[in-house]
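What follows draws every value from the coordinates through simple rules; no lab data is involved. In this text the structure is predicted, and so the values were computed from the model without any measurement. Cβ sites come from the backbone with ideal geometry, for glycine too, and all protein chains shown count toward neighbours.
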Amino acid sequence: MSNKISIAAIIISIISLCSSAVCLFFALNAGSGAGKSDGSSGIQYVMYVGTNDKDTYQREHTKEECHAIVDDVCLKYFSDGYTLQEATGAWTDEENNISHEYTLVCYFDNADRETVYKAADDVIAALNQNSVLIEQDNIIIDFYSGK
């Protein structure tokens, strides 16, 4: 019985040594620059803002007005920078009807959750929305200026 335990202990030790060697190899190569960006890592929030009114299911503002409303909110909370894009979204309401709507997509790099939610509160109120979709992603940021 003790021979079986000794053999098992040796096998476990060999597996542990191999695992350690593999981890050490990857740890040493991670600093070599292979596959590594010069940028900093951070969090990016993406907020999807539909523009159909929650009560009428129709857009109550022109596309230009919606864009200006969301842009003003973004400037208020993210004056360091953001990206605002136009899109088309679709969703199914409680009566199983499909609605398409003009959607604005806002990207905030290295923002904090609290500020994103404050901006969302303002947009929800201004455009009479039930909700907005907020996505959080881990990203690597590079501001590339050329050679």
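Determine, for 72, 55, the number of other Cβ atoms within 10 Å of each Cβ, and report the residues in order from fewest to most.
Taking fewest neighbouring Cβ atoms as first place, the list is 55, 72.
By the scheme Lys and Arg +1, Asp and Glu -1, what is the net charge of all other residues having a beta-carbon under 13 Å from that of residue 65?
The answer is -3.
So, counting K/R as plus one and D/E as minus one, what does the shell of residues with Cβ under 14 Å around residue 94 add up to? Show your work: numbers first, answer last.
Values: positive: 54; negative: 55, 93, 95.
Local net charge: -2.
Which shape class applies to segment 40-141: rounded if a/c is under 1.5, otherwise prolate when a/b exceeds b/c and oblate if not, where a ≥ b ≥ c are the square roots of the Cα gyration tensor eigenvalues?
Numbers: a/c = 2.15, a/b = 1.67, b/c = 1.29.
Prolate, since a/c reaches 1.5 and a/b exceeds b/c.
Over segment 40-141, what relative contact order in percent results from Cα pairs under 8 Å that are six or more residues apart?
Relative contact order for segment 40-141 comes out at 49 percent.
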